[in-house]
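Since the structure comes first, as structure tokens, the remarks are kept for the end.
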Amino acid sequence: ITIERNGLLIATLTGAAESYLDTGLSAGLYQYRLVGSLMVNNTASTTCAANLPLAPTDLSCALSGGTVVELDWQNTQLGTAIEVLRDGTVVATLPGSASTFSLASESPGSYSYCVVNVLGGNRSDSNCCVVVVPEAPTSLSCLARDGGVELAWTNLESYQSITIERDGLLVAAVP
């Protein structure tokens with residue numbers, strides 16, 4: 001079996017092979033031709049085409065409110081859909097024009113998010129980023145004392161800062 005891409009031979013396979021993965025390609029249209037060979041006779045050729053779409057660019061990941069992951073990217077080519085993956089599993093399929101995504105209620109941990117441009121049945125390379133959702137402080141206690149309230153808690157992470165609010169208003173930021 002011989003395989004050509006855009007008129008150039010790219011692989012010669014044994015007759016038992018029934019698939020081939022052509023890797024390392026950039027975005028663009030690729031024409032493939034496959035010919036089988038039996039002894040000295042060649043089969044008729046069969047052809048197909050694949051349009052490898054451009055991947056989304058400028059992906060940014062942010063954590064909002066401690067549990068909401070927000071993704072934002074640029075579409076370099078309009079596709080039929082955008083797939084959003086978390087740790088390799090598709091968590092959303094969005095319209096091809098989408099350029100943002102939010103996912104609420106993430107548990108603490110580290111997550112890899114990727115976006116993929118889908119054009120027909122063809123998928124672009126993925127563009128990925130990592131979001132770390134920190135553990136919240138626990139065991140918060142409030143003790144009325146000497147005309148004030150003493151707060152105490154247990155840190156589960158090494159935080160850069162902790163903000164303290166009273167009745168929804170910021171009253172302190174502890175470095």
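The values are calculated or read from the model by the stated rules, or taken from the named source; none is laboratory data. This is a predicted model, so every value here is computed, not measured. Note: ideal-geometry Cβ built from the backbone for every residue, glycine included; neighbour counts use all protein chains shown. We work out accessible area using only protein heavy atoms, side chains counted, and drop any ligands, DNA or RNA first. Shrake-Rupley method; radii C 1.70, N 1.55, O 1.52, S 1.80 Å.
Residues in the range 59-87 that are in contact with an Asp or Glu (Cβ under 8 Å, 6 or more places away or on another chain) and loosely packed, with under 14 Cβ neighbours inside 10 Å: Ser60, Ala62, Ser64, Gln74. One residue stands out among those in the range 100-122 that are surrounded by fewer than 17 Cβ atoms within 10 Å (Cβ to Cβ) and within 25 Å of Leu25 (Cβ to Cβ): the one that is modelled with the highest pLDDT, which is Ser112. Among residues of the range 9-29 being surrounded by 10 or more Cβ atoms within 10 Å (Cβ to Cβ) and among the aliphatic types (A, V, I, L, M), the one that is nearest to Leu54 (Cα to Cα) is Ala27. Among strands (runs of 3 or more DSSP E) entirely within the range 118-159, having at least 2 residues that are touching a helix residue (DSSP H, G or I) at 6+ places or on another chain (Cβ under 6 Å) and not charged (D, E, K, R) singles out no element at all.
Only one of the listed residues (Asn6, Asn41) is modelled with pLDDT under 95, open to solvent by 40 Å² or more (accessible area, probe 1.4 Å), out of contact with any Asp or Glu (no Cβ under 6 Å at 6 or more places or on another chain) and not small (Gly, Ala, Ser). That residue is Asn41.
All conditions but one from (1) open to solvent by less than 70 Å² (accessible area, probe 1.4 Å); (2) in a strand (DSSP E or B) apply to Thr47; the one that does not is (1). Tell me yes or no: at least one residue of the range 88-97 is in contact (Cβ under 8 Å) with a residue 24 or more places away in the chain and open to solvent by less than 30 Å² (accessible area, probe 1.4 Å). For the range 88-97, residues in contact (Cβ under 8 Å) with a residue 24 or more places away in the chain and open to solvent by less than 30 Å² (accessible area, probe 1.4 Å): absent.
For the range 130-175, enumerate the residues that are farther than 24 Å from Tyr111 by Cα, of a type in the set (S, T, N, Q) and open to solvent by 80 Å² or more (accessible area, probe 1.4 Å). Result: Ser139, Thr163.
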